[in-house]
Amino acid sequence: MAIQMDYMLVFLLTGIGFVAGNFFLSSLLRPFRPNPKKLSTYECGEEPVGSAWVQFNVRYYLFAMIFVIFDVEAVFLIPWAVVYQSLGIVTFIEMFVFLFILIVGLVHVWRKGGLEWV
Amino acid sequence: MEKLPIYTQKIPGGGVLLTATDKLMNWSRKSSIWYMLFGLACCAIEMMATGASDYDLDRMGLIFRGSPRQSDLMIIAGTVTLKMAPRIQTLYEQMPEPRYVVAMGNCACNGGPYRYDSYSTLMGVDKAIPVDVYITGCPPRPEALMNGIIELQKRIDRMSLKDKMAIRV
Amino acid sequence: MTLAPNISLGKEEGLKTEEFVVNIGPQHPSTHGLLRLVATLDGEIIKEVVPHIGYLHRSTEKIAENRYYHSFVPYTDRTDYISAMLMNWGYVMAVEKVAGICNPMRAEVIRVLIGELNRLASHLLFYGTFGMDVGAFTPFLWAFRERENILRLFESLCGQRLTYNYYRIGGVSHDLPKDWVGNLQKWLAHFKQVYKELYDILTYNVIFLRRTKGVGILSKEQAIAWGCTGPVLRASGVDWDLRRDETYSVYKELKFEVPVGENGDVWDRYWVRMQEMLQSISLVEQCLAKLKELDDKLPRLQRGSAEWKENAMFVIRTQSVLQVEPGEAYVRIEAARGELGYYLVSKGGAKPWKLKIRSGAFCNLSVLPEITRGKLIADLIAILASLDIVLGEIDR
Amino acid sequence: MTQEELQSYILQKYPGFKLEPLAHDLTFLVPAEQYIPFCTFLKEDPSMAFQNVMSLTATDYLDYMQVVVHINSYSQKHRIAIKVTLDRENPKISTITHLWPGANWHERETYDLYGVLFDKHPDLRRILLADDWEGYPMRKGYTHWNLTPMPDDVTEVMKDYPTVPNPLG
C-alpha cells in the first residue's frame, strides 16, 4: 500500500503548527521573571566558583568517539534489517562484510585498552 | 505579555475567558505540585515518612524532585541556621516562577525549641524567603503535613492570572 | 594497522588534563541532610573529598548550659532524631551517674526494651535510605512501612512519633500501657517473616553486590585510629560492642552475639546492621520475658503502703527540679550509629556547667576522605550512605 | 587492667600527676609541657595500648580553661581522661593528631567553639560555624542576641511547678 505523498505536506504542517502554537500560547500565560540569581548555574545552593570550561580528562572524548562509531553502524543496520528479504543474497553478504570490519575495529580498541577507565 | 489578562478583562466577553483559563491553570498547578527533596532536620524524617508507603504524598500529585529547577514547592523541613540561610535564598531564587514555600515544623515557623539561647539559628524561615503555609508541630504528624498541603492547594485555587499575587515576584 | 607508537590512550604525559571540582552541596538528595562534599576529580577518579559540616549547628551544647537537667531531655531527642530514645538514654545515664541516682529494676528493663526497639527502627531507616542511594526504590517503601508500625507503638507509649522525651532521670516517664505488650508481640511475629523478604531482595542481589562488595574498604587500623565506632568499626573486624564490653543497665543479664564483618567494605557495613536487627529482635523478646518475670516477683504496690511512700519520695526527688552536687563524668552507650558519649560537668546547682555530646556519626564521617581517595565518583555516594550519618548528631 | 591497677601503674611512672577529685572516672591533671610525652607514652606502652581518642573538648572555668581528652583502648578494655589547664586569654596547646588522627575534627571543633589554638594541627579552620564568624560562642562570657538566662536559684521556679501531693501527709 503505497503512501499517498500528497497528504504528507498536511501532516507536516499540522505537526509543526501544533507544537509552535502551544509554545506561543504558553508564552502568553507563563510568568517571565529572569533575575541574575535565578539564571546563575545551580550548585546545590552554593555560589558557583570558576567556569565550567575546564580541560577535563581525555577519556571522555575517547568514549564519545567509540560510541559515535557504533551508533552510526546501527543507523546503517536498522533500515537494512527492515527490508533485507526483498534485497536478495548479495546485500545480505555485503552487510556481514560491513559488520566484520567494525568488529575488527572493536577488537582493536578493546585490546588497546580504550574501553577500560584507567 | 503579562498585561494580556488585564486587557482581555476589558473586552466584553473577556472575563469569562479569563476565569476559564484561571480555573484550568489553577487546577493543573494545584494537582501536580512537585516538591524539592530538601530535608534539614527531624521534620525531614517525617516528610520522608509522609512520602513513603503509609501516608502516600504521590496520591496528591506530589513527587519529590532532586533539583529546584524542576520543582515548584519548597518544604522547609527543619531548623534553618544562619550558615544555611543564604543557601536557602539561592535555592528559592533558582526555582521557576509559580513557586510556593511551606514552612514545616516549629523550627521553620519561628525557631521552635532553638528560639532561646541559640546563637546560630535563624528565628523562622520567613526572615529569609516568603512563606505560603506554616505547619506547626515538632515534628508535625504526616497528617498535619498533608493538611498543610491541602491548605496550599486551596490557596492556589484562589489565585488568578490578572492579579499580581498569582505570579509571585 | 597499528597505532602510531607515541599516541597513548589518555596517559597523563600524553595530554594535559586539569582536575575539576564537583560540589555535592548542602541540598542533595543523597547526603541525608545538610552535608556539603567538595570533591576534586581527575576524570572519574576522586583525588580528594573535603566534607563541610555545620549547616545544622543549632548550638545544643550552649543551650544545655542554660537549661535545668529535666528540661534538656527534649533537646537530646532532636540531636539524633532517628534514634531519639538512645540519645535520651545517654544523657539521662550521665546525669544519674553524676547525681548518684539508681533506678528501679523495671525501669531499666523497659529502657533496654525501648532502646533496642528504637535501634531496630533506626536500622530499618538505614536499610531504606541505603537501598535508595544504591538505586533500589523498593527497600525504601518496605522499610518505611515496617518502621511505621514501630512508630505507632512508640506513639501509643509516649505520644510522639519521632522525638519522644520518654526517658527521665531516675527511670522512664510512663509504664507500658495495658495492651502494648500484646501489640508488640503481634508485630514481632509479623516482622520476622517480613525480615526475610527485606534481607533477600537486597543482600545477595547481583547489582547490589557489584555496587558494594570491595568498595570503600576501611582497614581495622584506620577504623581504630580515626575513632570510628559502632557498626562501622565492627564491619572492619574489631569485635567491640559497648553493650557487652562496658556493660550498663541490664545488658549483662541478656544474651546476644555481636556481628563482626571481615574486610570492612560497604557490603559488610550493611550486613552488620542487618544482623544487628536480628539481635535487637531477640533482645526485645528477652526483655519481654524478663518483664513478665518481674511482674510476678514484684507485686504492684498498694497506695499508702510503706514501699509506696518510699517510691513516691523517689519520684518527688527526681521529678522536681533536680539539684546535682559538683562532679563530672563521661558516660558512653552503644547508640545506633556508634559510641554516644556525654561528658557532663556540674558545679552544683540545677544547671549543668558543661555538656559535651560525642556522637558516633561525627567520627565516622571524618574517615570519609580517607576511604574515598582514589575511588570512582560513582562509589562516593554508596560509601557515604554506608556510614549512616545523621547531620543533627554531627552538627549538634 | 582495672582502674586501680591503671592508676597505680601510671602514678608510679609519673608521680607528679594529680587526680581530679570530682571525676567519677580516672582523670589525670597533666601539666601542659608533659602533655605530649604522656600521650606518646600512653600510645606506645604495650600494657597501656591506648588506640583512639573518644572525645576531646575544652571547659571554660571562668578564670582558666581546661582541655579534656578521653582516650580508650580496645585491646586492654580500659579508658582514662587527661585534663590540661590553660590560661583563658590565649589558650594554646599542641595537637595530638600525629598520635591519633581521630582527634582531628575534635580539635577543630574545640578551636571553633572555644578558641583553643592547637599548634601543628594539619588544617585548623572552623568546622561548625560559618568561616566569617567572629568570637568563640561556647565561652562563658559570650553573650548573643537571644540569651534569656534561666534563674539559678530554684526557689521561685519551684513555685509554679505542679506541686506533687506529698504522700507522707
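The values are calculated or read from the model by the stated rules, or taken from the named source; none is laboratory data. Since the structure is predicted, the reported quantities are computational estimates derived from the model, not experimental observations. Every residue, glycine among them, receives a Cβ derived from its backbone with ideal geometry; neighbour counts consider all protein chains shown.
Among the residues of the range B:57-66, is any within 11 Å of chain C (Cβ to nearest Cβ), under 25 Å from A:PRO48 (Cα atoms), surrounded by fewer than 20 Cβ atoms within 10 Å (Cβ to Cβ) and of a type in the set (D, E, K, R)?
Looking for residues that are within 11 Å of chain C (Cβ to nearest Cβ), under 25 Å from A:PRO48 (Cα atoms), surrounded by fewer than 20 Cβ atoms within 10 Å (Cβ to Cβ) and of a type in the set (D, E, K, R), one finds at least one in the range B:57-66, hence yes.
Output the residue which, of all residues in the range C:122-150 that are among the small types (Gly, Ala, Ser) and not in a helix (DSSP H, G or I), is surrounded by the fewest Cβ atoms within 10 Å (Cβ to Cβ). Let's see the steps before the verdict.
The first filter runs over the range C:122-150 and keeps only residues among the small types (Gly, Ala, Ser), leaving C:122, C:128, C:131, C:135-136, C:143.
Now restrict to residues that are not in a helix (DSSP H, G or I): C:135-136.
Working: C:GLY135: 11, C:ALA136: 17.
Per the stated criteria, the residue is C:GLY135.
Report, by residue number, each residue of the range C:47-65 that is surrounded by fewer than 22 Cβ atoms within 10 Å (Cβ to Cβ), within 14 Å of chain A (Cβ to nearest Cβ) and touching a Ser or Thr at 6+ places or on another chain (Cβ under 7 Å).
Within the range C:47-65, C:LYS47 is the sole residue that qualifies.
Residue check, C:CYS228 against (1) under 15 Å from the mean Cα position of the chain (by Cα); (2) in a helix (DSSP H, G or I), all met but one. Which one?
Going through (1) under 15 Å from the mean Cα position of the chain (by Cα); (2) in a helix (DSSP H, G or I) one by one, C:CYS228 breaks only (2).
List the pairs whose first member sits in the range B:139-159 and is within 14 Å of chain C (Cβ to nearest Cβ) and within 18 Å of B:GLY39 (Cβ to Cβ), whose second member is of a type in the set (A, V, I, L, M, F, W, C) and part of a helix (DSSP H, G or I), and whose Cβ atoms are under 8 Å apart, counting only residues at least 6 apart or on separate chains?
B:PRO139/B:CYS42; B:PRO139/B:CYS43; B:PRO139/B:ILE45; B:PRO140/B:CYS43; B:PRO142/B:ALA49; B:LEU145/B:MET47
Could you please let me know if B:LEU91 is at pLDDT 90 or above, more than 14 Å from chain A (Cβ to nearest Cβ) and within 15 Å of the chain's Cα centre (by Cα)?
no
Please go through (1) assigned to a strand (DSSP E or B); (2) surrounded by fewer than 23 Cβ atoms within 10 Å (Cβ to Cβ) for B:ALA144 and return the number of the only condition it doesn't satisfy.
(1)
Consider the range C:46-68. How many of its residues are assigned to a loop (DSSP other than H, G, I, E, B) and either among the hydrophobic types (A, V, I, L, M, F, W, C) or under 23 Å from the mean Cα position of the chain (by Cα) (or both)? If you could, list the steps in order and put the result at the bottom.
Here is the first cut: in the range C:46-68, the residues assigned to a loop (DSSP other than H, G, I, E, B) are C:53-59, C:65-68.
Right, trim to either among the hydrophobic types (A, V, I, L, M, F, W, C) or under 23 Å from the mean Cα position of the chain (by Cα) (or both) and you get C:53-59.
Result for the range C:46-68: 7.
Taking the stated definitions as given, is B:MET159 surrounded by fewer than 20 Cβ atoms within 10 Å (Cβ to Cβ), more than 17 Å from the chain's Cα centre (by Cα) and of a type in the set (A, V, I, L, M)?
no
Have a look at C:SER305, C:SER366, C:SER280 and point out the one that is facing another protein chain (nearest Cβ under 9 Å) and out of contact with any strand residue (DSSP E or B) (no Cβ under 6 Å at 6 or more places or on another chain).
On the way: C:SER305 fails: facing another protein chain (nearest Cβ under 9 Å); C:SER280 fails: facing another protein chain (nearest Cβ under 9 Å).
Of C:SER305, C:SER366, C:SER280, the one residue that is facing another protein chain (nearest Cβ under 9 Å) and out of contact with any strand residue (DSSP E or B) (no Cβ under 6 Å at 6 or more places or on another chain) is C:SER366.
Take the residues of the range C:15-37 that are of a type in the set (Val, Ile, Thr) and over 12 Å from C:ILE377 (Cα atoms): which is nearest to the chain's Cα centre (by Cα)?
C:THR31
Yes or no: A:ILE101 within 14 Å of chain C (Cβ to nearest Cβ) and either surrounded by 10 or more Cβ atoms within 10 Å (Cβ to Cβ) or not in a loop (DSSP other than H, G, I, E, B) (or both)?
Taking the combined requirement at face value, the residue satisfies it.
Return the residue satisfying two criteria in turn: it lies in the range C:242-253 and is in contact with a Lys or Arg (Cβ under 8 Å, 6 or more places away or on another chain) and not in a helix (DSSP H, G or I), and of such residues it is nearest to C:ALA289 (Cα to Cα).
Residues of the range C:242-253 in contact with a Lys or Arg (Cβ under 8 Å, 6 or more places away or on another chain): C:242, C:245-246, C:249-251, C:253.
Remaining after also requiring not in a helix (DSSP H, G or I): C:246, C:249-250.
Details: C:GLU246: 24, C:SER249: 16, C:VAL250: 13 Å.
If we take residues in the range C:242-253 being in contact with a Lys or Arg (Cβ under 8 Å, 6 or more places away or on another chain) and not in a helix (DSSP H, G or I), then C:VAL250 is nearest to C:ALA289 (Cα to Cα).
Checking B:SER118 against (1) under 30 Å from C:LYS351 (Cβ atoms); (2) within 14 Å of chain A (Cβ to nearest Cβ); (3) free of Cβ contacts under 8 Å to residues at least 12 places away in the same chain: exactly one of these is not met. Which one?
Result: B:SER118 passes all but (2).
Considering each residue of the range A:33-48, count those that are within 31 Å of the chain's Cα centre (by Cα) and either within 11 Å of chain C (Cβ to nearest Cβ) or not hydroxyl-bearing (Ser, Thr, Tyr) (or both), and give that number.
Of the residues in that region, 8 qualify.
Just give me the residues in the range A:87-98 being surrounded by 11 or more Cβ atoms within 10 Å (Cβ to Cβ) and β-branched (Val, Ile, Thr), in sequence order.
A:THR91
Looking at (1) acidic (Asp, Glu); (2) assigned to a loop (DSSP other than H, G, I, E, B); (3) modelled with pLDDT of 90 or more, which one does B:ASP117 not meet, given that it meets all the others?
(3)
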